[in-house]
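Have a look at the structure below before the remarks.
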Amino acid sequence: MPDLTETVATVLDIYQRHIEARPLERHCEMRTQCCRFRLTGKTPMVTMGEAITAAAGWRAAGRKSIPDGQQSDGACPFLGSDGRCNNYKHRPLGCRTHFCDPAGGPYPRQHVIEAIRELEHLDEALGGDGPRPLPAATRDVWKLVTSNNRRR
Ligand code: SF4
């Protein structure tokens, strides 16, 4: 079983070094279409470390479960009713780098490739199956995250 605290710290460090420390100019207007996957036809794909990090952040905020996401627009389970991300600090790489065209467009691949590589290496070390859709991946690790919390 992975050490969850260490996994979350490693993932947040990857985001920090490769993305947050070297941001590109973008102008997000909070349209939040990118968080409504049926509208865009695109669902963020996450590695196991990212899923654990998102689930752990959700849990740390006192949440008891991850919503099942039955909304007609396919809204992300972490999207608040006010249109804001309720799991912002722990959101995955794709949410940090994939901007819609009006906001300036997605980060170019060469800007994110090192972060992708490190997240894939961590995925292998954790026994993951590679990137998976965000809602299913986070729900699958929820039990792991909550049982780990109970033992502390
Ligand atoms: S994690 Fe946050 S930013 Fe990413 S899709 Fe969900 S609500 Fe949007």
Handout entry: Hits in the stretch 34-63 - residues which are in a helix (DSSP H, G or I), of a type outside the set (Phe, Trp, Tyr), out of contact with any strand residue (DSSP E or B) (no Cβ under 6 Å at 6 or more places or on another chain) and near the ligand (Cβ under 9 Å from one of its atoms)
Key = 34, 54
Problem - Close pairs (9 angstrom Cβ cut-off, 6 or more residues apart or separate chains): more than 18 Å from residue 138 (Cα to Cα) in the stretch 71-88, near the ligand (Cβ under 9 Å from one of its atoms) and β-branched (Val, Ile, Thr) anywhere - result: 83/32; 84/32
Practice task
Quickly run through the stretch 10-33 and pick out the residues that are crowded, with 18+ Cβ neighbours inside 10 Å, part of a helix (DSSP H, G or I) and within 14 Å of the ligand (Cβ to nearest atom).
Solution key: 11, 15, 19
Problem - Meets criteria (modelled with pLDDT of 95 or more, within 20 Å of residue 133 (Cα to Cα) and among the acidic types (Asp, Glu)) for residue 50 - result: yes
Exercise for the section: Answer yes or no: is there a residue in the stretch 37-45 that is surrounded by 13 or more Cβ atoms within 10 Å (Cβ to Cβ), over 20 Å from residue 135 (Cβ atoms) and of a type outside the set (A, V, I, L, M). Expected result: no
Practice task
Any residue in the stretch 107-119 that's without any contact (Cβ under 8 Å) to a residue 12 or more places away in the chain: show its pairings with residues that are of a type in the set (A, V, I, L, M) and in a helix (DSSP H, G or I) at Cβ separation under 9 Å, as long as the two are six or more apart or on different chains.
Solution key: 109/116
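The values are calculated or read from the model by the stated rules, or taken from the named source; none is laboratory data. Owing to the predicted nature of the structure, the values given are computational and were not obtained by experimental measurement. All Cβ positions, glycine included, derive from the backbone under ideal geometry; neighbour counts span all protein chains shown.
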